[in-house]
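Trainee: There's a structure below that I have some questions on.
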Amino acid sequence: MDLGTGVGNELFGRAHARQRWAARGALGAAGLAVLLPIGYSGMGSLLLGVFGVGGAVLTAAGLWWALARRGLVRGVGAVLAVATPIAVVVLFAAANLLGPAIASLALWVAALWAGKFALSSTRSHVLAVPEYESPAPLRPFLLMNPRSGDGKVERFRLRQKAELLGARVYLLNSDRPEPEDVVALAREAVAAGADLLGVAGGDGTQALVAGVAAEHGLPFLVVAAGTRNHFAMDLGLDRDDPAACLDALTDAGGVELKVDLGFLDSGIDGVGGADDAGTADSRPFVNNASFGAYASIVQSPAYRDDKVGTTLGLLPELLTFERGPTLTARAYPQARTEPGETVIHAPQAVLVSNNPYRMDDLAGLGRRERLDAGLLGVLGIKVEDAAQAAELLLGRYATGMTVVTAHEVVVDADLPEIEVGLDGEALVLPTPVRCRVEPGALRVRVPRNRPGVPAPTPPMDWRRLRKLAATVGRTALPRRTTDALDRRRQASASQGRDGT
């Protein structure tokens, strides 16, 4: 055995040992979390545990009444949502179980952390994003919104840096009575010879210009100068320093990614497939399209000045179907002629995203694991009473929540028009509307050196943790995965010998 192989095996052995002991620590902490309250006060702790679960259910029900009702019922719901957690804490303190309960909770947190660490160490859930080398653009054209992100364009001197790198920059004028047509500006730039389009602004503007770039097969540059920039986040760009995004304009600093682009078609004659393409008004989206309660709320003229008050004022009518359309969403896994569609009847809200959002980890909520899966994520919520509201504590397993993936989604309503939020932009569109995804339609030029997307943590799997804890020298991966890792190590060792 040569030196390189020996060092590699030693490193793998240490990694496996850390993984194994993390799994054992997770199982041990979970066991102590259960046994500690029982050992402290016997079976009475189980009864208090039931009270704790009941308190969580009452709190969720109170929140539903506070949001979906008015007058006295809303007041009672608000009191219940606030008073129930306090009452549970007082009850635990009176039984001298507050300390053990806190310690048990801390042990559960430690068990989850150690378990996630052990499962993440296998790296079997991590997907590499392919990068493509391409020459730097010669005539890049960038649209910049000076007001976006509280003035990030000026604060980070984005225009000056872009022009130094050879880009032609157009500053949008937000003082005009009507917003400028960014699609027309992008098309004019393409006609004038631009070989890259880019935007320093919010996700709504990003999507419109990205659609033009995809149409002409040009690379697209995202400059994270908006308020939230979810698209930039899921591309792994530096949102704290938007100027770093401009490094992609150079040969040495830029690479390309191929990502999916979502489209929303309105004005379709029916719910047919390709036959509708010629009659549809298509709008691209990079993040999501929302229907139902949220889309209706953001349409209100008062929402921009008083978000909380407007939301509380409109939610009761929207959640109880006293106002707004009754929606029906159909998610198709492949072509519409194939079986397996999912129908969501009368949901209060539907969110269709360009690639699915993560739903299995609180730390990952609002993030997409990848942007090149060629799938739409679909989230539908239907809550009819306080019991279903409490059931939402189960997350994606609640009967009132539908979480699926699809290649196409058709949303219809009992009204001729519905309100839609498209990448944060408020629209009113004729029904039915169709969401679809174009796999790999968008070439995105990104900096070679960027923060990247945080590696997803796998869902907790206690069965795998038990296998990891009992394993000696190998991970508890499926046989095919471990065989692949073995072949990779053997190939590395062979290359090391050939190079000596």
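The values are calculated or read from the model by the stated rules, or taken from the named source; none is laboratory data. All figures in this text were calculated on a predicted structure; none of them were measured in a lab. Positions of Cβ are generated from backbone atoms using ideal geometry, with glycine treated the same way; all protein chains shown enter the neighbour counts.
Trainee: List the number of the failed condition for Ser290; all other conditions in (1) surrounded by 15 or more Cβ atoms within 10 Å (Cβ to Cβ); (2) within 26 Å of Arg443 (Cβ to Cβ); (3) at pLDDT 90 or above hold.
Mentor: (2)
Trainee: Which of the residues belonging to segment 215-249 are among the β-branched types (Val, Ile, Thr) and under 22 Å from Pro130 (Cα atoms)?
Mentor: Result: Val222, Val223.
Trainee: Does segment 79-87 include one or more residues that are in contact (Cβ under 8 Å) with a residue 12 or more places away in the chain, hydrophobic (A, V, I, L, M, F, W, C) and not in a helix (DSSP H, G or I)?
Mentor: no
Trainee: Of all residues in segment 454-493, count the ones that are outside any loop (DSSP other than H, G, I, E, B), closer than 18 Å to Arg18 by Cβ and at pLDDT 70 or above.
Mentor: Residues meeting the conditions: 7.
Trainee: Could you count how many residues in segment 152-206 are in contact with a His (Cβ under 8 Å, 6 or more places away or on another chain) and of a type in the set (Gly, Ala, Ser)?
Mentor: Number of matching residues: 0.
Trainee: Next question, about the same structure. Tally time: how many residues in segment 105-145 are polar (S, T, N, Q) and at pLDDT 85 or above?
Mentor: 2
Trainee: If a residue counts only when it is of a type in the set (Lys, Arg) and either surrounded by fewer than 18 Cβ atoms within 10 Å (Cβ to Cβ) or outside the structural domain of Val428 (by TED's automatic domain parsing) (or both), which helices (runs of 4 or more DSSP H) contained entirely in segment 158-276 have at least 1 such residues?
Mentor: Because the criterion is at least 1 residues that are of a type in the set (Lys, Arg) and either surrounded by fewer than 18 Cβ atoms within 10 Å (Cβ to Cβ) or outside the structural domain of Val428 (by TED's automatic domain parsing) (or both), the helices (runs of 4 or more DSSP H) in segment 158-276 that meet it are 158-164, 182-191.
Trainee: Name the strands (runs of 3 or more DSSP E) wholly within segment 376-453 that hold at least 2 residues that are in contact with a helix residue (DSSP H, G or I) (Cβ under 8 Å, 6 or more places away or on another chain)?
Mentor: 401-406, 417-422, 425-430, 433-447
Trainee: Does segment 43-65 contain at least one residue that is of a type in the set (Ser, Thr, Tyr), farther than 17 Å from Leu392 by Cα, in a helix (DSSP H, G or I) and out of contact with any Ser or Thr (no Cβ under 8 Å at 6 or more places or on another chain)? Walk me through it before giving the result.
Mentor: Within segment 43-65, the first condition is being of a type in the set (Ser, Thr, Tyr), and the residues that meet it are 45, 59.
Next cut, farther than 17 Å from Leu392 by Cα only: 45.
Filter once more, keeping what is in a helix (DSSP H, G or I): 45.
Those still in the list that are out of contact with any Ser or Thr (no Cβ under 8 Å at 6 or more places or on another chain) too: 45.
So far as segment 43-65 goes, yes, one or more of its residues are of a type in the set (Ser, Thr, Tyr), farther than 17 Å from Leu392 by Cα, in a helix (DSSP H, G or I) and out of contact with any Ser or Thr (no Cβ under 8 Å at 6 or more places or on another chain).
Trainee: Going by what's in this entry, would Ala30 be described as out of contact with any Pro (no Cβ under 6 Å at 6 or more places or on another chain), under 14 Å from Ala469 (Cα atoms) and modelled with pLDDT under 85?
Mentor: So Ala30 does not fit the description; no.
Trainee: From Pro333, Pro325, Pro356, grab the single residue that is at pLDDT 70 or above, more than 30 Å from Asp234 (Cα to Cα) and either crowded, with 20+ Cβ neighbours inside 10 Å or within 21 Å of the chain's Cα centre (by Cα) (or both).
Mentor: Exactly one residue qualifies, and that residue is Pro325.
Trainee: Going by the conditions given, is Arg168 of a type in the set (D, E, K, R), over 28 Å from Val453 (Cβ atoms) and in contact with a strand residue (DSSP E or B) (Cβ under 6 Å, 6 or more places away or on another chain)?
Mentor: It is true that Arg168 is of a type in the set (D, E, K, R), over 28 Å from Val453 (Cβ atoms) and in contact with a strand residue (DSSP E or B) (Cβ under 6 Å, 6 or more places away or on another chain).
Trainee: While we're here: Taking only pairs six or more apart or across chains, which ones have beta-carbon atoms under 7 Å, a first residue in segment 169-196 that is closer than 16 Å to Ala214 by Cα, and a second residue that is among the hydroxyl-bearing types (Ser, Thr, Tyr)?
Mentor: Every condition considered, the pairs that remain are Val182/Thr205; Leu185/Tyr170.
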